[in-house]
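Asker: I'd like to ask some things about the structure below.
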Ligand code: AMP
Ligand code: MG
């Protein structure tokens, strides 16, 4: 059974329809102001939990972020993890694979970046690119990408069996919202570095990407590695919803400070 329930959870075995799923937070929270206040409280709690997770050195948490371009992956990492102890969080951004990475299986670079005990690992893009961009761009034939859903489920089970809690977020934005964010990047020289012509090409394939996302999320939301679809047109709701799920996951993991290895009773410091 899923440890953390949420209106955004894809229940294993259910059929999620990406085009019928809302992208705006107003549909899920009555008040932006309240959500922003709740987000601040949740963020404080996240910081406390992470401190305990790191001290305990028994469990690990993997957070996977996937989205279309301008979907808000970078912003989510900046907003949600501000204030956590950097020593206990490792963010990995997966780019176009290098020659060396391509000469191995697609999970090789992913497995190396999986969080160690006590850590929160954040994936900015992930092994899912290998059934998303790779599928849409025909980088490999279907006979190669199709079996990857099953391989991914097995791989994530391996991580889960090794004490990793896995939480996967798809930041769901509308095509209109993407247009606005691209325009903002074009209008602001400080954001040009975030824009590439490749982004426009991918935008033209929006429908193919939606099909690929829908399949990936339906095939790979398992009890040991659930997918959540976060309405992400409104950043205030996105930050609130993601932090809430992370905090509830950590409450369930319930890490605690370990005892000292020494008997500290009666210690007097001269
Ligand atoms: P960005 O996240 O904007 O820095 O861009 C990274 C780019 O790398 C995106 O266009 C991804 O689609 C691409 N990418 C990431 N992983 C893979 C992969 N396994 N195969 C092909 N392209 C990838
Ligand atoms: Mg980009």
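Please treat every number below as a calculation from the coordinates, not as lab data. Note that the coordinates shown come from a computational prediction; the quantities given were computed from them, not determined experimentally. For neighbour counting, all protein chains shown are included, and Cβ atoms are generated from backbone atoms with ideal geometry for every residue, glycine included.
Asker: Restricting attention to the range 85-99, which residues are within 22 Å of residue 134 (Cβ to Cβ), more than 9 Å from ligand 1 (Cβ to nearest atom) and in contact with a helix residue (DSSP H, G or I) (Cβ under 9 Å, 6 or more places away or on another chain)?
Answerer: Hits for the range 85-99 are 92, 98.
Asker: Another one. Kindly list the number of the only condition in (1) in contact (Cβ under 8 Å) with a residue 40 or more places away in the chain; (2) under 30 Å from residue 252 (Cα atoms); (3) out of contact with any helix residue (DSSP H, G or I) (no Cβ under 9 Å at 6 or more places or on another chain) that fails for residue 154.
Answerer: If we test residue 154 against (1) in contact (Cβ under 8 Å) with a residue 40 or more places away in the chain; (2) under 30 Å from residue 252 (Cα atoms); (3) out of contact with any helix residue (DSSP H, G or I) (no Cβ under 9 Å at 6 or more places or on another chain), just (1) comes out false.
Asker: Would you tally the residues in the range 73-84 being touching a helix residue (DSSP H, G or I) at 6+ places or on another chain (Cβ under 6 Å) and either outside any helix (DSSP H, G or I) or within 13 Å of ligand 2 (Cβ to nearest atom) (or both)?
Answerer: Summing the residues that are touching a helix residue (DSSP H, G or I) at 6+ places or on another chain (Cβ under 6 Å) and either outside any helix (DSSP H, G or I) or within 13 Å of ligand 2 (Cβ to nearest atom) (or both) in the range 73-84 gives 2.
Asker: So, one more: Taking interchain pairs and intrachain pairs at least six residues apart, which have beta carbon atoms under 8 angstrom, with the first residue in the range 124-149 and touching a residue at least 40 places away in the same chain (Cβ under 8 Å) and the second more than 10 Å from ligand 1 (Cβ to nearest atom) and part of a loop (DSSP other than H, G, I, E, B)?
Answerer: 136/205
Asker: Considering only residues that are surrounded by fewer than 16 Cβ atoms within 10 Å (Cβ to Cβ) and either within 12 Å of ligand 1 (Cβ to nearest atom) or under 19 Å from residue 147 (Cβ atoms) (or both), which ones fall in the range 201-219?
Answerer: Of everything in the range 201-219, those that are surrounded by fewer than 16 Cβ atoms within 10 Å (Cβ to Cβ) and either within 12 Å of ligand 1 (Cβ to nearest atom) or under 19 Å from residue 147 (Cβ atoms) (or both) turn out to be 201, 205, 211.
Asker: Can you report the number of residues in the range 189-199 which are within 20 Å of residue 232 (Cβ to Cβ) and more than 12 Å from ligand 1 (Cβ to nearest atom)?
Answerer: Total meeting the criteria: 1.
Asker: Let me ask you something else. Which one is nearest to residue 63 (Cα to Cα), of the residues in the range 139-176 that are part of a loop (DSSP other than H, G, I, E, B) and more than 16 Å from ligand 2 (Cβ to nearest atom)?
Answerer: Only one residue fits best here, namely 163.
Yes/no matrix, rows are residues, columns are (1) under 21 Å from residue 217 (Cβ atoms); (2) crowded, with 21+ Cβ neighbours inside 10 Å; (3) within 12 Å of ligand 1 (Cβ to nearest atom):
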| site | (1), (2), (3) |
| --- | --- |
| 83 | no, no, no |
| 103 | no, no, no |
| 109 | no, no, yes |
| 115 | no, yes, no |
| 121 | yes, no, no |
| 143 | no, no, no |
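Asker: Continuing with the same structure: Of 176, 130, 187, which residue is crowded, with 21+ Cβ neighbours inside 10 Å and farther than 23 Å from residue 4 by Cβ?
Answerer: Residue meeting the stated conditions: 130.
Asker: Residue 257 - would you say it is assigned to a loop (DSSP other than H, G, I, E, B) and in contact (Cβ under 8 Å) with a residue 24 or more places away in the chain?
Answerer: Spelling it out, residue 257 is indeed assigned to a loop (DSSP other than H, G, I, E, B) and in contact (Cβ under 8 Å) with a residue 24 or more places away in the chain.
Asker: Inspect the range 60-71 for any residue being closer than 25 Å to residue 162 by Cβ and part of a loop (DSSP other than H, G, I, E, B) and give the result as yes or no.
Answerer: Within the range 60-71 (the criterion being closer than 25 Å to residue 162 by Cβ and part of a loop (DSSP other than H, G, I, E, B)), the answer is no, since none of the residues qualifies.
Asker: Please go through the range 25-59 and give me each residue that is crowded, with 16+ Cβ neighbours inside 10 Å and in a loop (DSSP other than H, G, I, E, B), ordered by number.
Answerer: 28, 29, 59
Asker: Regarding residue 173, is this residue within 16 Å of ligand 1 (Cβ to nearest atom), farther than 22 Å from residue 113 by Cα and under 19 Å from the mean Cα position of the chain (by Cα)?
Answerer: Judged against the criteria, residue 173 is a match.
Asker: Restricting the range 115-138 to residues that are in a loop (DSSP other than H, G, I, E, B) and more than 16 Å from ligand 2 (Cβ to nearest atom), which is farthest from residue 52 (Cα to Cα)?
Answerer: So the residue we want is 138.
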